[in-house]
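One structure is given here, and the rest of the page talks about it.
The values are calculated or read from the model by the stated rules, or taken from the named source; none is laboratory data. Because the structure is a prediction, the values reported are computed rather than measured. Here the Cβ is made from the backbone with ideal geometry for all residues, glycine too, and neighbour counts use every protein chain on show.
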Ligand SMILES: [Zn+2]
C-alpha cells in the first residue's frame with residue numbers, strides 16, 4: 001500500500017467528515033486511514049502531513065463536490081454488490097429483461113420459495129426489467145384460494161423488505177398472471193400438436209405407461225391416426241373419466257433421458273378449480289404449462305429450481321414443436337434447512353398430529369413461521385442476496401439467518417423486562433422512588449424513555465426479580481435493578497428477599513425486574529427443535545401491556561422476542577438471543 005492510496009482514502013474520509021460535521025478535521029481522518037492501513041503506522045508523521053493537506057483542500061470545496069467524492073464509495077460498494085451476482089446470460093440479446101416467479105398455489109410459502117422469488121426479482125431490478133408474479137395453477141386438486149392470497153401478501157411483504165434492504169425497486173411485481181385463464185390457448189396449442197402428429201392420446205393405464213417408459217417400449221396408441229386422436233381429445237373434455245386418457249408428446253421411447261420418453265402433456269383432472277370452478281377438466285402438465293406460458297408472456301430469463309433439470313429438454317422440445325419464441329432457462333440450487341423439513345409433505349402430518357401449531361409455527365421456516373418468530377424479512381432478503389443465484393444446493397443453518405436478524409434488530413428493538421420464575425424483593429426505606437424512567441434503548445437515546453410507576457407504600461417498594469439471581473446472593477450483598485437503583489440485601493429467603501437503597505459499586509450484578517403492582521403475567525416460548533419447545537412463566541414489566549401484538553423487542557437478558565398475543569397471559573416467542 002502506498003501513500004497514494006492513503007491520499008485517495010483521505011479525500012473520501014475527509015469529504016464524508018465535512019458533510020457530516022460541516023468541516024473536516026485531521027484526527028478522525030487520520031484515525032480512519034491508520035485503521036484501514038495499519039502498515040502505515042510506522043510512517044504516521046508523513047501520513048499526518050498528507051492528511052493535513054487533504055483536509056485543508058477539502059474544506060475549500062463546495063458541497064456538491066463533497067457529495068461527489070463521498071458518493072464514490074457508495075457507488076463502489078453498490079457496484080461490488082452487483083458484481084457478486086453473475087451476469088444474466090445473453091441479456092443483451094433482449095430489448096428488455098423479463099423474469100417471473102411462478103408459484104403453485106398449493107401451500108404456504110417457505111424459505112425455499114423466498115429464494116425462488118428473490119432471484120428473478122433482484123435480477124429484474126438490477127437490469128431495469130419487468131418482473132411478473134404468475135400463479136402456476138393448473139393442478140386443481142391441490143390448489144386453494146387461500147394460498148393465492150397468502151402468496152400475494154407474503155411475497156409483497158418480502159419484496160418490500162428486499163427493496164428496503166438492498167436499495168432496489170420498485171418493490172412489487174409489475175404484472176400478475178393467473179395461468180389457468182390461459183387454458184383455452186393451451187387447448188388450441190395441444191390440438192395443433194395432435195393435428196401435426198407431434199402428440200397422441202394414450203389410453204393405457206398408468207402402470208403400463210410407467211413400465212413401457214422403463215423398458216423403452218412404444219404402446220399401440222402411438223400409431224393412432226390424427227382423426228382418432230382429435231376425437232379422443234374432444235372426449236377428454238366431455239365423457240372420458242380421469243385416468244382413462246392423456247395426451248403424450250411424440251418424441252423417442254428409447255431416449256437416454258427417461259423423462260424425454262413420450263412425456264405426458266395433458267390429463268383429465270375431475271376436481272373443482274379454485275378460480276375456474278368446473279369449467280375445465282383437462283389440465284396441462286407442469287412441463288407444458290410452464291414452458292408455453294413463459295414463452296407466451298414474454299419471459300426472457302426463466303429461473304427454475306435445479307431439481308427440474310431433467311425436464312429442461314422436454315420443455316425445450318415443446319417450445320420447438322410449437323414453433324414458439326425461445327428464451328433462457330436458468331437453474332438454481334435448492335435450499336435445505338439443517339434439522340428442519342421444508343417440504344409440505346413432511347410438515348402437513350406434523351400439523352395434523354398436533355406436534356406443530358400450524359403453518360405459522362415459529363419452529364418451521366415457512367414465511368409465516370419465520371415472521372411469527374420475529375425474523376425480519378429484511379434479514380431473509382440479506383441472507384438470500386448473499387447466497388446468490390448459485391446452482392449449488394445449499395444446506396442452511398438457521399443460526400446464520402438469526403445472526404443477520406440480530407444485526408438488523410439490535411439497533412432498533414426496544415428493551416423490556418421479563419422476569420422468569422419471579423421472587424419478591426421488598427425494598428424498605430423512607431425515600432423510595434415513585435417511578436422509574438427507563439431508556440427504550442441503552443445506546444440509541446433517540447428512541448426515548450418510558451416511565452414505569454412503582455407504587456411504594458408505607459416505606460415499602462415491592463418488585464419481582466428472577467429467583468436464579470437471588471439464589472446466588474446473601475444478606476449484605478448488592479444487586480442492581482436495571483436503570484432504577486442498587487439494593488443492598490438485608491435478608492434472603494427462598495421465597496422472598498428484603499433490602500434497602502444503597503450506593504452503586506462496581507461488579508454488582510444487574511438484573512431485570514418489574515414492580516409487583518401493574519406487572520403483566522407473561523410466558524415466553526423457547527422454540528427448541530421441531531419436536532419440542534419450552535415455556536418459561538413469570539411477569540413482564542407494565543410497559544409490555546402497551547406493546548402491539550407482533551412487535552419485536554429485546555427482553556433484557558433473555559433475547560429478542562416477538563409479542564405473540566395478549567390475553568389473560570401475554571405470550572412472547574423467543575426469536576433468538
Ligand atoms: Zn398407450
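For the reader, a short list of remarks on this structure follows.
- With respect to (1) surrounded by 16 or more Cβ atoms within 10 Å (Cβ to Cβ); (2) over 28 Å from residue 135 (Cα atoms); (3) away from the ligand (no atom under 15 Å from the Cβ), the lone exception for residue 197 is condition (1).
- Tally, over the range 208-237, of residues that are assigned to a loop (DSSP other than H, G, I, E, B) and either within 11 Å of the ligand (Cβ to nearest atom) or closer than 21 Å to residue 289 by Cα (or both): 4
- Listing of strands (runs of 3 or more DSSP E) fully contained in the range 365-441 that carry 3 or more residues being out of contact with any helix residue (DSSP H, G or I) (no Cβ under 9 Å at 6 or more places or on another chain): 422-428, 435-439
- Failed item in (1) under 26 Å from residue 506 (Cβ atoms); (2) under 37 Å from the mean Cα position of the chain (by Cα), with residue 448 passing the rest: (1)
- Any chance residue 189 is away from the ligand (no atom under 15 Å from the Cβ) and either in contact (Cβ under 8 Å) with a residue 40 or more places away in the chain or not in a loop (DSSP other than H, G, I, E, B) (or both): yes
- Taking each residue of the range 195-206 that is farther than 14 Å from residue 268 by Cα and assigned by TED's automatic domain parsing to the domain that holds residue 230 and looking for partners that are near the ligand (Cβ under 8 Å from one of its atoms) and part of a strand (DSSP E or B) with beta-carbon atoms closer than 9 Å, six or more apart or interchain, yields 199/248; 200/248.
- Scan of the range 451-488 for residues that are assigned to a strand (DSSP E or B) and either under 38 Å from the mean Cα position of the chain (by Cα) or not assigned by TED's automatic domain parsing to the domain that holds residue 425 (or both), ordered by number: 451, 452, 464, 465, 466, 481
- Only one entry in 116, 112 is surrounded by fewer than 21 Cβ atoms within 10 Å (Cβ to Cβ) and under 15 Å from residue 334 (Cα atoms), namely 112.
- The listed residues are 222, 210, 248, and the only one of them that is surrounded by fewer than 19 Cβ atoms within 10 Å (Cβ to Cβ) and touching a strand residue (DSSP E or B) at 6+ places or on another chain (Cβ under 7 Å) turns out to be 222.
- Test: residue in the range 317-328 that is outside the structural domain of residue 398 (by TED's automatic domain parsing) and without any contact (Cβ under 8 Å) to a residue 24 or more places away in the chain: yes
- Residue check, residue 172 modelled with pLDDT of 95 or more and within 16 Å of the ligand (Cβ to nearest atom): no
- Flag if residue 150 is away from the ligand (no atom under 16 Å from the Cβ) and in contact (Cβ under 8 Å) with a residue 40 or more places away in the chain: yes
- Qualifying residue in the range 394-405 (condition: more than 18 Å from the chain's Cα centre (by Cα) and without any contact (Cβ under 8 Å) to a residue 40 or more places away in the chain): no
Yes or no, residue by residue, for (1) under 25 Å from residue 435 (Cα atoms); (2) out of contact with any strand residue (DSSP E or B) (no Cβ under 6 Å at 6 or more places or on another chain):
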position: 475; (1), (2): no, no
position: 500; (1), (2): yes, no
position: 510; (1), (2): yes, no
position: 557; (1), (2): yes, yes
position: 565; (1), (2): no, no
position: 575; (1), (2): no, no
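- Within the option set 210, 222, 267, being modelled with pLDDT of 95 or more and touching a helix residue (DSSP H, G or I) at 6+ places or on another chain (Cβ under 9 Å) holds for one residue only, 267.
- Residue within the range 288-296 that is away from the ligand (no atom under 16 Å from the Cβ), part of a loop (DSSP other than H, G, I, E, B), under 27 Å from residue 329 (Cβ atoms) and under 41 Å from the mean Cα position of the chain (by Cα) present: no
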